[in-house]
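Contents: one structure, followed by commentary.
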Amino acid sequence: MEEKIVGEGVKFERIRRITGYLVGTLDRFNDAKYAEVNDRVKHQVSTGTGAGVFEKV
Amino acid sequence: MLESIVKRDGREVPFSIDKIATAIYRAAEATGGNNYEESLELASQVVNYIEQTGNTKPTVEEIQDAVEKVLIETGHARTAKKFILYRSDRSKFREMNTRLMKIYEGLTFTDAKENDIKRENANIDGDTAMGTMLKYGSEGAKQFNELYVLKPEHAKAHMEGDIHIHDLDFLTLTTTCCQIDLVKLFEGGFSTGHGYIREPNDIASYSSLACIALQSNQNDQHGGQSIPNFETAMAPGVRKTYRKLYVSNLSKGLELLCGYDDALEATKNLCKEVEATYKVSPILANDNGYQEKELELLVNKYKLPVEAVKRAQAFAIKKAAKEIDRKTFQAMEAFVHNLNTMHSRAGAQIPFSSINYGLDTSPEARLVIKNVLLATEAGMGNGETPIFPIHIFRIKDGINYNPGEPNYDLFKLACRVSAKRLFPNFSFMDSPFNLQYYKEGDYNTHVAYMGCRTRVMSNVYDPSREIVSGRGNLSFTSVNLPRLAIKAHGNVDVFFEDLDRKIDLIFDQLYDRFLIQGHRKVYNYPFLMGQGIWIDSEKLKPDDELMEVLKHGTLTLGFIGLAECLKALIGAHHGESVEARNMGLEIVSHMRSRCDMKAKETGLNFSLIATPAEGLSGRFVRMDKERYGVIPGVTDRPYYTNSFHVPVYYPISAFEKIKIEGPYHALTNGGHISYIEMDGDPSENLDAFEAVIRCMKENNMGYASINHPVDRDPVCGYTGIIGDVCPRCGRHDGEGISEEVLRRIKGYTKNLCSCDENPLEDADKIANPV
Ligand SMILES: [Zn+2]
């Protein structure tokens, strides 16, 4: 019996927040915002420090 | 002998002396002349002149040059002047036509994928018929406003990228946004413009009318709509539904325990009798003595056995509490679903909506908060993350911030939902600039935010009305900070002088726009003004102008790219050095004090916003790169950094970023928001998530949120983080998988092609208790 394949061509959805609004697919971002999303780096949340406690800058 | 001429589009057409004569005659006519013979004579002089130059195929421009020359040389100065004017009008018109037609061509023949204008606003689908039609209108309106409505100096500054006039297409039409008081709107019912709607009677109608109100108002304004008091506005619906549920369950209890056939009508009348006699109703808190009075009546007047009545009441209380929870969940689920599927603005866009909640501690309001959060956590029909509304959870000491406070459980739930769905965002009522307005239990004094970050609270026009309801932003215009810094070549004094000139220009432009807006009439806004949504509009007649009531709104100066500005001005941005941090605060404080002074001077609410830059993030930098070349840290990326944010590419800890950005929230009274990008799936680390939110509050931010990736595989339904491969089903992006494997994963055997149910996702959707 031949194996049936499903889901071909179905893309993952990637929800991102752009200037306050959620957008369901990166295709709808304009070029500048697409670049901005790609450039984002994560902000480390130092563990072990309680709320409002952080290293001196 | 001239035989043909070359038109502007390159085509050659036969030469006609009559056409030249007609053009001259028209110009002469405008100065009072009416001699066609003379025009014809002048036209032949024009022909002679061209032939003398040896040109046998002149262009239209060359002919017009010759006409001007001949008219002036033959002493027809006034006609020449008219001709030149007519010519430049035509070329202005033609230039507009060409630019606009180029844009239309792009809109018509390219996909959104290849066309940046179509993706200017990510929530409008530029590929649909209505989406494209909206863009035609919008682009045409922008050019019309640039050429014919704006003062030339404002148009020039906008077109050259010194400033950006937001929503220029709506310049002559309407204002930005409004905070809608549903409590006031629902009292006694309202009209949508397409029919009258009665005061709602249960939580389901409260929630659907809330959607209708958002949608109706959205058609009258170009920005988003906000409900400042969501839980308080919905609570009466819960109260009404609870009463019904209590009565119907009591009737069932009485039927069973006291042997009635059909007790519903009798129980309804009983409830009314208790209410009329003792002024108490059945309520969720069950603490107003209703049951005692009801028992008294049933036993003494209707001679029912005490024990049976008590048992029936206990049954009714228990069942009604359970059912009201379910009904409220369903109403909130419908609310979220509606806002994500209902369309406004000609079908191309769902309403931009925000709801604020978190502070009302009544049992009814708490039920609303809990269930709107749970409905958002559950997601849409197939578990998709809802895009709207934007949720804003308000945090306040004594109400929901610390363990033991009445809504602390809801704060915890808000963190959990935001860690999964990106909403709610959080607003902080204890930050001094918000706390100064705060009065306990009076929602009109609780600062609200509109999704995009707009904040409207102070009121110099009428200091006795510093309230949220019925007010909003009128318009805003942003200054290109990085350009001012590039032009200053490191000279801070030059920078501030230039900044002041741009601020003056923007204030002048905002005021011009306000005058246009003020001359609009009530009938132009059938819902916003016609239904009294906007403050004091209920006192106006349909033909009245809006000038006075609009003065409660804000006229707002915005800015973008503080980071790049600092980089260009002193070589470092505010993430990098203390000097830059101080300079950044100095610049933004200066802009704020200019706004305050302007507000004082005019009695109008000039305010400062940290520009969200939806359509702007690439525009300024593109122009500046063209002018000044690639400047490292300034024009070397395709975007300028959002308002006062530390650049997204700059590595910095969450707590440091919050500490640096916090002070800007106090300065930007027209709106602000900060973001933290969290690594991994925050649902796995809710303590860290909450610690970040707490840090935001301790640093006196006004409004903030946490970003994290939310991915979903539509094939297997997994929601979470997906790298290259789906962690649940193992497929790559776009890859097919065996139906057999999928079936095993999903744990059910239904035919996949014929159903859209998804047991796994449905399981995710069951409401979890707080
Ligand atoms: Zn999967």
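Cβ-Cβ distance below 7 Å, separation of 6 or more or different chains: which pairs start in the range B:721-736 with a residue that is in contact (Cβ under 8 Å) with a residue 24 or more places away in the chain and end on one that is within 12 Å of the ligand (Cβ to nearest atom)?
If the second residue must be within 12 Å of the ligand (Cβ to nearest atom), the pairs left are B:Ile721/B:Asp711.
Can B:Leu42 be described as in the same structural domain as B:Ser138 (by TED's automatic domain parsing) and either surrounded by 12 or more Cβ atoms within 10 Å (Cβ to Cβ) or at pLDDT 85 or above (or both)?
Spelling it out, it is not the case that B:Leu42 is in the same structural domain as B:Ser138 (by TED's automatic domain parsing) and either surrounded by 12 or more Cβ atoms within 10 Å (Cβ to Cβ) or at pLDDT 85 or above (or both).
Of everything in the range B:229-285 that's part of a helix (DSSP H, G or I) and aromatic (Phe, Trp, Tyr), which residue is nearest to B:Lys310 (Cα to Cα)?
Looking at residues that are part of a helix (DSSP H, G or I) and aromatic (Phe, Trp, Tyr), I get B:Tyr246.
Can you tell me which condition B:Val447 does not meet? The list is (1) under 30 Å from B:Arg712 (Cβ atoms); (2) among the β-branched types (Val, Ile, Thr); (3) not in a strand (DSSP E or B), and all the others hold.
It is condition (1) that B:Val447 fails.
Taking the range B:382-410 on its own, how many of its residues are modelled with pLDDT of 95 or more, surrounded by 24 or more Cβ atoms within 10 Å (Cβ to Cβ) and aromatic (Phe, Trp, Tyr)?
Of the residues in that region, 1 qualify.
B:Gly618: more than 20 Å from B:Leu499 (Cα to Cα), within 14 Å of chain A (Cβ to nearest Cβ) and either in contact with an Asp or Glu (Cβ under 7 Å, 6 or more places away or on another chain) or surrounded by 24 or more Cβ atoms within 10 Å (Cβ to Cβ) (or both), yes or no? Give the derivation first.
Numbers: more than 20 Å from B:Leu499 (Cα to Cα): yes; within 14 Å of chain A (Cβ to nearest Cβ): yes; either in contact with an Asp or Glu (Cβ under 7 Å, 6 or more places away or on another chain) or surrounded by 24 or more Cβ atoms within 10 Å (Cβ to Cβ) (or both): yes.
Considered against the rule, which asks whether it is more than 20 Å from B:Leu499 (Cα to Cα), within 14 Å of chain A (Cβ to nearest Cβ) and either in contact with an Asp or Glu (Cβ under 7 Å, 6 or more places away or on another chain) or surrounded by 24 or more Cβ atoms within 10 Å (Cβ to Cβ) (or both), B:Gly618 comes out as yes.
Picking from A:Gly52, A:Gly9, which residue would you name as being modelled with pLDDT under 80, of a type in the set (Gly, Ala, Ser), out of contact with any strand residue (DSSP E or B) (no Cβ under 8 Å at 6 or more places or on another chain) and part of a loop (DSSP other than H, G, I, E, B)?
Result: A:Gly52 is the single residue among A:Gly52, A:Gly9 that is modelled with pLDDT under 80, of a type in the set (Gly, Ala, Ser), out of contact with any strand residue (DSSP E or B) (no Cβ under 8 Å at 6 or more places or on another chain) and part of a loop (DSSP other than H, G, I, E, B).
Going by the structure shown, is B:Ala666 touching a Phe, Trp or Tyr at 6+ places or on another chain (Cβ under 6 Å) and either modelled with pLDDT of 95 or more or away from the ligand (no atom under 16 Å from the Cβ) (or both)?
For B:Ala666, the condition - touching a Phe, Trp or Tyr at 6+ places or on another chain (Cβ under 6 Å) and either modelled with pLDDT of 95 or more or away from the ligand (no atom under 16 Å from the Cβ) (or both) - is met.
Quick check on my filter: what residues within the range B:333-367 are β-branched (Val, Ile, Thr), closer than 24 Å to A:Val23 by Cβ, modelled with pLDDT of 90 or more and more than 14 Å from the chain's Cα centre (by Cα)?
B:Val336
Have a look at B:Val67, B:Val13, B:Val6 and point out the one that is crowded, with 18+ Cβ neighbours inside 10 Å and at negative phi.
B:Val67
Can you name the residue in the range B:729-746 that is assigned to a helix (DSSP H, G or I) and among the aliphatic types (A, V, I, L, M) and, of all such residues, is farthest from the ligand (Cβ to nearest atom)?
Only one residue tops the list, namely B:Val741.
Going through the range B:709-727 one residue at a time, which ones are more than 9 Å from the ligand (Cβ to nearest atom), more than 19 Å from B:Ser418 (Cα to Cα) and of a type in the set (D, E, K, R)?
The one that is more than 9 Å from the ligand (Cβ to nearest atom), more than 19 Å from B:Ser418 (Cα to Cα) and of a type in the set (D, E, K, R): B:Asp724.
Assess whether B:Glu564 counts as being more than 16 Å from B:Cys177 (Cα to Cα), surrounded by 24 or more Cβ atoms within 10 Å (Cβ to Cβ) and modelled with pLDDT of 95 or more.
Spelling it out, B:Glu564 is indeed more than 16 Å from B:Cys177 (Cα to Cα), surrounded by 24 or more Cβ atoms within 10 Å (Cβ to Cβ) and modelled with pLDDT of 95 or more.
Residues being more than 8 Å from chain A (Cβ to nearest Cβ) and more than 12 Å from B:Gly575 (Cα to Cα): count how many of those fall in the range B:636-650.
4
The values are calculated or read from the model by the stated rules, or taken from the named source; none is laboratory data. Computed from a predicted model, the values in this text were never measured in an experiment. So basically every Cβ, Gly included, is an ideal-geometry build from the backbone, and we count neighbours across all protein chains shown.
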